[in-house]
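Encoded as structure tokens, the structure appears first; notes follow it.
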Amino acid sequence: MTEAPVRETAHAKINLALHVRERMDDGYHRLETLFAFAEDGDVLTAQAASDISLTISGQFADGLPSDERNLVVTAANALRVATGTAAGAALHLEKKLPVASGIGGGSADAAAVLRLLVRLWKLDGCEQQFAAIAKSLGADVPACLLSETCFGEGRGERLRPLSAAPLRDRPLLLINPGVALETGRVFADWDGRDRGGLVLSEPLEIDAGWRNDLEAPAIGLVPEIGDVLAELRGRSGVEFSAMSGSGATCFGLFERIEDRDAAAEKLSQTNPDWWLMMSSLR
Ligand code: C5P
């Protein structure tokens, strides 16, 4: 009898704050960021097989490669090599999150496949290898591997977990105006001005001083992001809203589920082309 597939959620990543401090010599940027994660996201399943393979379904599956150009396959191959296992996996990705949209996407998928294969291949005690692989796959992958509220420094890969109980289960609405944005392009348009570091309270409370320094360059490239933020900020019961990562997805945190649902209903009527996801912080 074939075993039931194992399953992992690639939780959508949200930068509650993203302070850009400096452009470094290697072209990357030194950041201080507050990562949080949604309960929902893409879904990955895996079944034991002799080789690594990937199939993709879902709203945003179109045009996604299922070979080594997909970070899911790169991550699986890297883990296989690092641990020397001969096992394979038939992987399936249900792509529910928009691609190139500032909420993790490929990074969250790559992190989820690492967590998944550790379970499928029963790899224990490989934490150091995971950390090294995660870092090599992208700046956001280590945070996505953790998928818990944390403070990120450096390129965003140096992490410190935070006590975030006051934010847990907070109703969350994600909105994307339907335009993909390449991360490197947005960073390249940052104006180079250091607007100051990110000081966090512990336990963490929502702070009106949080900002995303990539919001202005992203709006310069995709003006619709300004419309999304204006709409979100005009809704009743919204406690905090901003753009996530390099955009174009924006988020609103709400005090009550009813307010989030009312905002989602209104915005899906007034802007039927926008992508919306109702979730909560984990
Ligand atoms: O690491 P990742 O592949 O996700 O980054 C994509 C691009 O985003 C990089 O090539 C770089 O241009 C930009 N980036 C940056 N500074 C960071 C993270 C990403 O400039 N801290």
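The values are calculated or read from the model by the stated rules, or taken from the named source; none is laboratory data. The model shown is predicted, which means the values in this text are computed figures rather than measured ones. We place every Cβ from the backbone using ideal geometry, glycine too, and count neighbours over all the protein chains shown. The area values use the complete protein model at the heavy-atom level, side chains included, leaving out ligands, DNA and RNA. Shrake-Rupley method; radii C 1.70, N 1.55, O 1.52, S 1.80 Å.
Note on segment 177-232: among residues that are at pLDDT below 95, more than 22 Å from Gly252 (Cβ to Cβ) and away from the ligand (no atom under 16 Å from the Cβ), the one that is most open to solvent (accessible area, probe 1.4 Å) is Val199.
For the structure I just gave you, tell me whether Ser147 is of a type in the set (Ser, Thr, Tyr) and open to solvent by 10 Å² or more (accessible area, probe 1.4 Å). Before you say what the answer is, go through the steps one by one.
Values: of a type in the set (Ser, Thr, Tyr): yes; open to solvent by 10 Å² or more (accessible area, probe 1.4 Å): no.
No; evaluated as a whole, the condition is false for this residue.
Of all residues in segment 150-176, which are among the basic types (Lys, Arg) and open to solvent by 50 Å² or more (accessible area, probe 1.4 Å)? Within segment 150-176, Arg155, Arg158, Arg160, Arg168 meet the criteria.
Please determine, by comparing only the residues of segment 73-102 that are part of a strand (DSSP E or B) and open to solvent by 50 Å² or more (accessible area, probe 1.4 Å), which one is nearest to Val179 (Cα to Cα). Reasoning before the result, please.
Our first condition is that a residue be part of a strand (DSSP E or B); within segment 73-102, this holds for 88-94.
Keeping just the survivors that are open to solvent by 50 Å² or more (accessible area, probe 1.4 Å) gives 92, 94.
On the way: His92: 25, Glu94: 20 Å.
Among those residues, the one meeting the criterion is Glu94.
Listed conditions (1) under 26 Å from Gly84 (Cα atoms); (2) open to solvent by 70 Å² or more (accessible area, probe 1.4 Å); (3) in a strand (DSSP E or B) are all met by Arg30, apart from (1). Would you confirm whether or not segment 252-267 contains a residue that is touching a residue at least 40 places away in the same chain (Cβ under 8 Å) and closer than 30 Å to Arg30 by Cβ? Yes.
Could you list, in sequence order, the residues of segment 129-152 that are of a type in the set (D, E, K, R), more than 9 Å from the ligand (Cβ to nearest atom) and either over 20 Å from Ser163 (Cβ atoms) or in contact with a helix residue (DSSP H, G or I) (Cβ under 9 Å, 6 or more places away or on another chain) (or both)?
Once the filter is applied, which keeps residues that are of a type in the set (D, E, K, R), more than 9 Å from the ligand (Cβ to nearest atom) and either over 20 Å from Ser163 (Cβ atoms) or in contact with a helix residue (DSSP H, G or I) (Cβ under 9 Å, 6 or more places away or on another chain) (or both), segment 129-152 yields only Lys135.
Restricting attention to segment 12-35, the residues that are away from the ligand (no atom under 11 Å from the Cβ) and either more than 18 Å from Gly104 (Cα to Cα) or in the same structural domain as Ala218 (by TED's automatic domain parsing) (or both) add up to 1.
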